[in-house]
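This report concerns only the one structure given below.
FYI, it's all coordinate maths here, none of it is from the lab. Because the structure is a prediction, the values reported are computed rather than measured. When we count neighbours, we look across all protein chains shown, and the Cβ atoms used for this are built from the backbone with ideal geometry, even at glycine.
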Amino acid sequence: MPDMLVKLYELPEPYEAERALAARGVYIKRALAPDRSEIVRFAYTRIEETQFADEVSVALAQTPARCYIAEREGRLIGFSCFETTAPDFFGPIAVEPPERGRGVGRALLLRALATMREMGYGYAIIGWAGEDVAAFYERCVGATRIPGSEPGIYARLVRRGG
Ligand SMILES: CC(C)(COP(=O)(O)OP(=O)(O)OC[C@H]1O[C@@H](n2cnc3c(N)ncnc32)[C@H](O)[C@@H]1OP(=O)(O)O)[C@@H](O)C(=O)NCCC(=O)NCCS
């Protein structure tokens, strides 16, 4: 799965997406360390696709946390993280399956990338973007695939055996 590049200087304004969600009782917040166990557990138990919990744990070990959460009525429904596997890398991001397709992923993505822009980065790298989600990144933030980036930094993962 290749990495993707996002131009942070052309990032869409994040707050419009958040206002629409707030009208439906969904709020995007920067995660806090006391919620670390709950967010990591959510990543383990509610997100079936991949092994995100280790990276979420790293995001929450930093202060301020490199993690945003989406919450509705006091219940966690999604997260986005950055600077977990490498500096300037975005990810992982996930929304629990029943909540997908309602703009939560876009709002979580935009808020995390806007924070990376405020940190001074000109570009963000979306690490290991699967074929099934590349279109999400293209659509929301104009991300483009980085040629020759597979497996990139992930070549040294234990489970790749390389
Ligand atoms: C990817 C994910 C976070 C998207 O969250 P979401 O809340 O469903 O996304 P949104 O509703 O905000 O979608 C925003 C736009 O992207 C589109 N979109 C969402 N997922 C898409 C996908 N997989 N492929 C193509 N387009 C997609 C939506 O149709 C919407 O388009 P619009 O401009 O017409 O409104 C969610 O599907 C998810 O959690 N997937 C599993 C975890 C995962 O694979 N994460 C990525 C790791 S690299």
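Things to note:
- Alpha carbon centroid spacing (whole Å) that separates segment 10-29 from segment 60-117: 12 Å
- Where Rh is the Kirkwood radius over Cα pairs, Rg/Rh for segment 1-50: 1.06
- Beta bridges from DSSP with both residues in the chain: antiparallel share about 90 percent, rounded to the nearest 5.
- When the Gaussian network model of the chain links Cα atoms closer than 10 Å, the mean-square fluctuations of Asp132, Asp54, Asp35 top out at Asp132.
- For segment 34-74, applying the loop criterion from DSSP together with a ceiling of 10 other beta carbons within 10 Å to the trypsin sites (Lys or Arg not before Pro) yields no site.
- Cα convex hull, segment 77-138: 83 Å³ per residue, rounded to a whole number.
- Rg over Rh, two decimals, segment 4-160 (C-alpha only, Kirkwood Rh): 0.93
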